[in-house]
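Presented below is the structure to which this report refers.
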Amino acid sequence: MKQFTSTLLGIATGLLLLSGHLYGQPNTDEVQGVNRESDAQLSRAVDERKQWLISCFNEVEDISENPKIGMPEALAKLVLSHGTDEEALDYASKVMDFTSRFDRGDAYGSIFTYPALAQFLYLFGDQLNESQTEHLKTSLTFRARDLLGHGTENHAAMRIASGYLFAQYFPDETWRDEGGNSYTSAQIMADTKKKLLERGKGFYRAGNNEVLSPTYAIVNIYPMLNLVDYAKDPEVQAAAEAMVLYHVAYLALNDFEGHLMPPYNRENVPQDRFNPTRTREYRAPTLHLLWLWFGHNQVVPEDFTISIEPAYALFLALSNWQPPTSLVRVAQGENAPYATRSSIPFFGYWGNSVPHETYRMVWRDTQFAIGTGVQRFAPDEFYLDYSMFAIAWSSANRFNYLECMHPYWRSNLGEDYWMKGKHSPFQQSFVYKNTAITLFDIPQEDPWAGVGVQQRWPEERNQHTDNLIALGQCRFPKSVDEVVKTNDWYFLREGEVYIGIRVLKPGHAYLTTLTGGGLDDFNVIKSRERKTGFVFELGSAETHTSFEAFRTALLKNKPEVDWEAMEVSYTNSYGDKIHMVQQRKPSKENPKYVWLLPEVEVNDTPFTFTDWPLMESPDILMKDSILRIGNGKNQIVVNWTGELPSITRFQE
């Protein structure tokens, strides 16, 4: 076994936490940064969560035939057995034989097996006998085309990182593809390195469309950690770590107590902070990263041992790499309140993305956060799983957020489907500090009927082509402590967090008994109008003396609305005036794009969406291909203005 394995064996023999335990998050004071933990304490907490995660697999008896699920199980069993579990070794040597049964015609099963298999080789490959090694090598070396391909952003990460490490591990092999082409291991390494550098440089120029996906952000990270841990070429190591730092900084910046703040793409399931039933659930796996590295959310062993998604967090737990404590502090909300700006690009191959598809705005307070953004919209691209607006708050409950949407992309499933796809080109929003406005301007007919790169995308909404659903709606969890309705205002209280919701048109409905489609645990406010909207203002026991005082203050605030012009003005309780005009207009740079860009003034000063950074907050700045994490004499600076990245760490 490699030297690193001894570290894993130390973890395995030092497991102190019972696998049946529900592993929670720090107390509220720690999350909010009131009780500042030392760097050593933060690092030790991550190590303890790693130990607990690995211990969960003591409960697994039989390794799954599905290689996506089975390889994490085999790896954990080998760690727990000090590399001696014969069943796990035999499984890993034959795992590529199983993948065809789980492929979808695009090598899907194989792709998700590659990174786990690469990690296995460098941890336990020397425990295979000669026959097992030969069998595994033979099953890999005809897959050259697949290892050099792209697919989605996470597919590309898994393919090229694993292809590089396979070729490095088997340096004298010949690799073949279905077309009869052959490649040496040196050629595979050169090609994957080239793609890796193109991808990374592109991310530092424009970003990654999947960077905040509750499902796939973690899948963009752990294959790169394999390169950080095992690549021998320092240029490859640096490129991989630069990409990891970009992704982890983005997650830290947008993590509010375990909830990823929108906008983001590729939300396969709603976010929830824990699994109350300990049953086989499909949970968003990136939330497990937020638990492991940042101490947010709660997990149980079943989240890893019987989950529908693989235990991706295990791969992070087996890595030498750990996030800088400065990013843990960002995720835990130190230095709040503050506003952040960031950007997500359009999808592109090998980093060749068009920047600034979505300009993101998040207000991060000590007890709540509001996230939204504006878009350069391409009607034929993929928005079916996009989410654009949410408010999250401090809570011990499973759900701690409010969302608003118009049912468009998946409208054939009905207006009460909230599982994913909470995006509409007819909704625009803006946030300034504790106040947000969202407006809906919904035409009768779909101006983009039948439009979509893939035909199945418009088929999800084709039942409403001539009569789009006239509805703006917001959902919030039933678990809030108090709901008070006064005229067109709804006031929510959870703990010491107060939320005011002003419906801008009368005649709205408040529904508390809807079920299915993600609404079992939620109440919904519905405004059945083509032109409608909501104003939100938040406060707390700290900013207002009581919930009653909060309500009294907001009832004095009278929104001014001109529905013909789609124009709203609102002055909040602090005297900040927000003036917003919803606009939809073609992009001057490219006619395929449509700007969903409101005209906004804050306190009579125009708000501009130009010169937008990839990330910006008091502790993180990413602009012009340079990422800075931290301030003063304690900084990490990644500079990718040249062909190769440089990573510099400054410490007092």
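Odds and ends about this structure:
- Answer residue from the stretch 167-180, given it is farther than 20 Å from Thr133 by Cα and out of contact with any strand residue (DSSP E or B) (no Cβ under 9 Å at 6 or more places or on another chain) and is modelled with the lowest pLDDT among those: Glu178
- Taking the listed residues Ala392, Ala378, Ala369, Ala396, the one that is open to solvent by 10 Å² or more (accessible area, probe 1.4 Å) and among the aliphatic types (A, V, I, L, M) is Ala396, with no other qualifying.
- Residue tally, condition part of a strand (DSSP E or B), open to solvent by less than 10 Å² (accessible area, probe 1.4 Å) and hydrophobic (A, V, I, L, M, F, W, C), over the stretch 304-360: 1
- Among residues of the stretch 258-287, those that are within 11 Å of the chain's Cα centre (by Cα) and at positive phi, counted: 2
- Test: residue in the stretch 578-598 that is surrounded by fewer than 18 Cβ atoms within 10 Å (Cβ to Cβ), aromatic (Phe, Trp, Tyr) and under 22 Å from Ile442 (Cα atoms): yes
- Glu415 vs. criteria in contact with a Pro (Cβ under 9 Å, 6 or more places away or on another chain), modelled with pLDDT of 95 or more, charged (D, E, K, R) and part of a loop (DSSP other than H, G, I, E, B): yes
- Residue list for the stretch 112-145, filter: buried (at least 18 other Cβ atoms within 10 Å of the Cβ), within 16 Å of Thr99 (Cβ to Cβ) and touching a Ser or Thr at 6+ places or on another chain (Cβ under 6 Å): Thr113, Tyr114, Pro115, Ala118, Leu136
This table checks each residue for (1) surrounded by fewer than 17 Cβ atoms within 10 Å (Cβ to Cβ); (2) in contact with a Lys or Arg (Cβ under 6 Å, 6 or more places away or on another chain); (3) modelled with pLDDT of 95 or more.
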| residue | (1), (2), (3) |
| --- | --- |
| Phe534 | no, no, yes |
| Ala541 | yes, no, yes |
| Phe550 | no, no, yes |
| Lys556 | yes, no, yes |
| Ala565 | yes, no, yes |
| Thr571 | no, yes, yes |
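- The listed residue being at pLDDT 95 or above, over 19 Å from His288 (Cα atoms), buried (at least 19 other Cβ atoms within 10 Å of the Cβ) and not charged (D, E, K, R), out of Val95, Val79: Val79
Results for (1) open to solvent by 10 Å² or more (accessible area, probe 1.4 Å); (2) of a type outside the set (A, V, I, L, M), shown as yes or no for each residue.
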{"position": "Ser185", "(1), (2)": "no, yes"}
{"position": "Tyr204", "(1), (2)": "no, yes"}
{"position": "Val228", "(1), (2)": "yes, no"}
{"position": "Pro234", "(1), (2)": "yes, yes"}
{"position": "Ala239", "(1), (2)": "no, no"}
{"position": "Met243", "(1), (2)": "no, no"}
{"position": "Ala249", "(1), (2)": "no, no"}
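- So Leu402, is it part of a strand (DSSP E or B), over 23 Å from the mean Cα position of the chain (by Cα), over 15 Å from Val594 (Cβ atoms) and in contact (Cβ under 8 Å) with a residue 40 or more places away in the chain: no
- Number of residues in the stretch 614-643 that are open to solvent by less than 70 Å² (accessible area, probe 1.4 Å) and not in a strand (DSSP E or B): the value is 8.
- Total residues in the stretch 277-291, condition of a type in the set (D, E, K, R) and buried (at least 16 other Cβ atoms within 10 Å of the Cβ): 2
The values are calculated or read from the model by the stated rules, or taken from the named source; none is laboratory data. None of these values were measured; they are calculated from a predicted model. Don't worry about glycine lacking a Cβ; one is built from the backbone with ideal geometry, like all the others, and counts go over all protein chains shown. Keep in mind that these areas ignore ligands, DNA and RNA; they rest on the heavy atoms of the full protein, side chains included. Shrake-Rupley method; radii C 1.70, N 1.55, O 1.52, S 1.80 Å.
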